[in-house]
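This report refers to the structure that appears directly beneath it.
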Amino acid sequence: MAETPLSHRDYLKIALPFIAATVTQPLLGAVDTAVVGHLDSPIYIGGVAIGTVILNTLYWLFGFFRVSTTSQSAIALGTGHGEDLAASLARPFCIAAGVGLLFILLQAPIWHAARAVMAPEPDVAEQTRIYFTILIWGAPLVLLNYTVIGWLMGQARTRATLITQVTGNVVNIILDIALVTYWGFGVAGVAAASLAAQALMLSLGLYFVSKTADLPVARFVAAVRMRKEDVRAIVSANTDLLLRTVCLLTMFFLMTKVAASMGTNVLAGNAVLLQVTFIVSYIFDGIANASSVFSGKSVGRRDGQLLRATLRRTTQWTASTAFFLTLILWFGGEAVGTLFTDIPEVLASYTEIHLWAVVFPLIAGFGLTFYGVFTGSGVTRPVRNATFFALVVFLIGLALFVGPWGNHGLWLSFLIFYVGRGAFLVPYLGAVRRKVGSQGGPRLET
């Protein structure tokens, strides 16, 4: 096949809808925080913050369902094989359904273990319990959404991805405001709104899958059966991504636990600032998703020029986006806190630390986008290694800086973690180039 250049226009046609789609997810979390932040106590923010950490720990552990499904879907798009197309969705879909049902069955021990480890204050713990016991029933929906959205992303179905995620999250936001602000359901209303939106998103996603794949249902059913080499490939890549996620969750868990030990107001102020960093992270994640699609296609086509162009466009748009976001946060970052809460103590806590968000895009951007080049091409081990080494430097930062500098030391350690995520990936770029240049069929192993 002829070499394929990648213009800015081609890249942005994929990247911009993905950014718009992915950024609605942290905006949803921001609205959750904002609606409870305007209630009469910081315990509601604390309850949602800790409940989110618990559920994200469960879901992000299996976030590889989306990442690896996007990779295999993109590679199948490059090869054009119907068998690969069906297998790239059917296999992770069935596994995700089983894991989600297991979470529901184990909800009691999960809750008791999480409460013992997080050790929130009693009033905060009660709000967390309400949030958790409602939303845990959405576990299968969340994990199935990971596979469906991941598959649509890999097929470069930007419009379908955008409609699915934006519609679900907008409905969630509307229900948030209605159930909490107008009908007074508190944290339970936030959880119920999320549960309803998760079901809607899965329904929309499956509809778009049916419109995208011109394959009989029997082909998808048959694709669930796997050979030994298929199992090895899936286990290899997904184990790498699972371990990467464990490192991420360990970092966020420690961020929340250390903040909780400093008091409810610090915990709530940090929760607001984390929502800002989540929004920034998901903007970069849209760029990573676009890079993942083109990187996967370069493997499927054995197209080295497409890979080189993907690396250039990823660098250029990451730098531009980081600069733009830094300007926004420099001029408006302090005022953002008032959107989330009007509790004076929480606002004071946020204002004291908000400048850490200003430098976050410049420090975190490249680590948050370049991983997409690796996961899209199926080269997952470097992503695991880089995140592990980043966690190590984060732990060193906690030991050195939290004692003398308190919450500022915690946020310095947080930024050091993101420096590591990018810096430790750079030495592995050659592995992606070798994957594109290999002569065998596309596989997940590194």
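The values are calculated or read from the model by the stated rules, or taken from the named source; none is laboratory data. Being a predicted model, the structure only gives us computed values, none of them experimental. Accessible surface areas use protein heavy atoms only, side chains included; no ligands, DNA or RNA. Shrake-Rupley method; radii C 1.70, N 1.55, O 1.52, S 1.80 Å.
For Trp183 and Thr338, the difference between the fully extended length at 0.36 nm per residue and the C-alpha to C-alpha distance is 53.6 nm.
For the chain, the relative contact order is 25 percent, taking Cα pairs closer than 8 Å that sit 6 or more residues apart in sequence and dividing their mean separation by the residue count.
Beyond 20 Å, what share of the Cα-Cα pairs of region 100-162 remains, rounded to the nearest whole percent? Value for region 100-162: 46 percent of Cα pairs lie more than 20 Å apart. Within the chain, the whole DSSP H helices whose Cα atoms reach 30 Å or more along their own axis and whose mean Kyte-Doolittle score is at least -1.0 are 8-37, 82-105, 186-212, 228-261, 264-301, 304-340, 355-377.
Stokes-Einstein diffusion for region 95-216, with the hydrodynamic radius set to the Kirkwood value over Cα pairs and evaluated at 10 °C in a medium of 1.306 mPa s, equals 100 µm²/s. Find the percent of Cα-Cα distances in the chain that exceed 28 Å, and round it to a whole number. Considering the chain, 48 percent of its Cα-Cα pairs are separated by more than 28 Å.
Against the compact-protein benchmark of 2.2 N^0.38 Å, the Cα-based radius of gyration of region 40-157 scales to 1.30.
Dividing the Cα radius of gyration of region 143-199 by 2.2 N^0.38 Å, with N the residue count, gives 1.32. Every helix of 4 or more DSSP H residues in the chain counts as -39500 (n - 2.57), and over all residues that averages to -28500 deg cm²/dmol at 222 nm. Taking the 1.4 Å solvent-accessible surface of region 231-300 as the whole, the part contributed by carbon and sulfur is 71%. The fraction of accessible area contributed by carbon and sulfur in region 365-436 is 75 percent, rounded to a whole number (1.4 Å probe; ligands and nucleic acids excluded).
Viscosity 1.567 mPa s, temperature 4 °C: what is the translational diffusion coefficient of region 339-446 from Stokes-Einstein with a Kirkwood Rh over Cα pairs, rounded to a whole number of µm²/s?
In µm²/s, the coefficient is 82.
Take region 296-446 with all the other protein chains still there, run a 1.4 Å probe, and you get 43 Å² of accessible area per residue.
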